[in-house]
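Notes for the one structure printed next.
Just so it is clear, none of the values below were taken in a lab; they were calculated from the coordinates. Since the structure is predicted, the reported quantities are computational estimates derived from the model, not experimental observations. We place every Cβ from the backbone using ideal geometry, glycine too, and count neighbours over all the protein chains shown.
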């Protein structure tokens, strides 16, 4: 079964990506996590995303198109990336979510994919 | 019932105290007689609710447990009467519930049925993944969300698992009884394994592995002490308690004050809990006196050797390797194999240890973090930098704890500069 793992990071963690003192540990942890997922044969897809400041949100209500700079919701933690996993059950997906570096500082949301 | 009417505060405290000390014993008593765990839980929880309503008015009763038991029994009989078509079962049930004895001093003495409850929770017919959660909820009253968090399972899923397990006990008529001698060892082993599962992993032999990375340590030790007290001549029950106490004794030394990970060989032995180590050693001696060695006693003995570093200032790795070799004969788990390899690294060197690791089937270690942590440090010691880097990456990716991750990242970074 496929699950999407959505990674929500704090502003501090986003900053770590480019901070000279912290970036090696930050990217090292995510590279290792991705490698572990691949070698366990459970990773189907995924991507790291540019921070929320790079987002643009589009709505089209009642024929009015509204384009806003910024993410969908103003929240302290923002989407930083995602993985798509193929695992036998939710328990397995949650176990992997527990290994994601963001679970220690932000939050990791796990959702089953719809079979289309 | 005597007692002056008191404020809500004292009534609440009395109910709370009764809950903490007696919940398991009361529930075990009720469940053993009506064999319907869910109904017994509901009846007892109703009884606690009505205690909180009544006691502020009437005063805290002289024998709070007796009051709760009576209230719960009444509800159970009513519940059963509603369920049973002819109502035949109700009088029998009432009789069964009525056999609480009152001793000469007027104190209620009802038998401690908790051992029967533990055996029922770990019954072979109960799904293995439900046994530990069942114990935690039934005897300690933990809710599904708390249990789910400890095992990284969604609260809703854990809740369902518990409901199914309790229904199984009722529908399959699983008996609340002490198994007879022929079944004892196997059934006791299931109980002990279920308690151990609540603790997590009770060793920290390998640098970069994380002992008890999940689990409810104090609850597990509570269960360990209960089992050891209920069956004092069961060597493995004593062994399990000793194992958990040894591991728990070192908890404070595993992290610096700023939260950084400290591997076993660098731990400050002054931070190890001497009282806990002493208790562990006493219990282990008691286990050995039973003359029936087993898996948990061997694991406890290994941790006991580690604990001796506090006295001798060195680790007797030969003894540890010997104990692991013995453990592999009776319980060749992945953890034991990796632990054995770690000991071999100290007695025979990294190359022999790596050979031992090669023999562990790849499929059993795809997500087993300690294997990769050990492998990485062995490869680093052997000078295979590229392979070490890959193994470190794997270990980091499988770690669940940020401090362990940070430690391994540093060890890996050291490779490049070596």
**OP:** Take the residues in region A:35-52 that are closer than 21 Å to residue A:77 by Cα and touching a helix residue (DSSP H, G or I) at 6+ places or on another chain (Cβ under 9 Å), then tell me which one is farthest from the other protein chains (Cβ to nearest Cβ).
**Re:** A:52
**OP:** Residues being within 14 Å of chain B (Cβ to nearest Cβ) and free of Cβ contacts under 8 Å to residues at least 40 places away in the same chain: count how many of those fall in region A:53-98.
**Re:** 4
**OP:** Those residues that are surrounded by fewer than 22 Cβ atoms within 10 Å (Cβ to Cβ) and touching a strand residue (DSSP E or B) at 6+ places or on another chain (Cβ under 9 Å), I need them from region B:186-206; list them, please.
**Re:** B:201
**OP:** Could you check how many residues of region A:12-22 are within 12 Å of another protein chain (Cβ to nearest Cβ) and either within 14 Å of residue B:399 (Cα to Cα) or surrounded by fewer than 18 Cβ atoms within 10 Å (Cβ to Cβ) (or both)?
**Re:** 1
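Residues B:413, B:403, B:391: which one is surrounded by fewer than 16 Cβ atoms within 10 Å (Cβ to Cβ) and within 11 Å of chain A (Cβ to nearest Cβ)? Reasoning before the result, please.
Numbers: B:403 fails: surrounded by fewer than 16 Cβ atoms within 10 Å (Cβ to Cβ); B:391 fails: surrounded by fewer than 16 Cβ atoms within 10 Å (Cβ to Cβ).
Criteria check complete, one pass: B:413.
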**OP:** Restricting attention to helices (runs of 4 or more DSSP H) lying wholly within region B:111-184, give those where 2 or more residues are within 14 Å of another protein chain (Cβ to nearest Cβ) and surrounded by 18 or more Cβ atoms within 10 Å (Cβ to Cβ).
**Re:** B:128-140, B:144-150, B:155-171
Original post:
Going by the structure shown, is residue B:239 touching a residue at least 24 places away in the same chain (Cβ under 8 Å) and more than 20 Å from the chain's Cα centre (by Cα)?
Top reply: no
Original post:
Mind checking which residues of region B:35-50 are in contact (Cβ under 8 Å) with a residue 40 or more places away in the chain, surrounded by fewer than 23 Cβ atoms within 10 Å (Cβ to Cβ) and assigned to a helix (DSSP H, G or I)?
Top reply: B:38, B:39, B:41
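Would you mind finding the one in B:278, B:265 that is closer than 30 Å to residue A:105 by Cβ and either surrounded by fewer than 23 Cβ atoms within 10 Å (Cβ to Cβ) or touching a residue at least 24 places away in the same chain (Cβ under 8 Å) (or both)? Can you show your working first?
Details: B:278 fails: closer than 30 Å to residue A:105 by Cβ.
Sole residue among the options that is closer than 30 Å to residue A:105 by Cβ and either surrounded by fewer than 23 Cβ atoms within 10 Å (Cβ to Cβ) or touching a residue at least 24 places away in the same chain (Cβ under 8 Å) (or both): B:265.
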Subject >> Enumeration of residues in region A:54-72 that are under 21 Å from residue A:15 (Cβ atoms) and surrounded by 10 or more Cβ atoms within 10 Å (Cβ to Cβ) >> reply: A:54, A:55, A:70, A:71
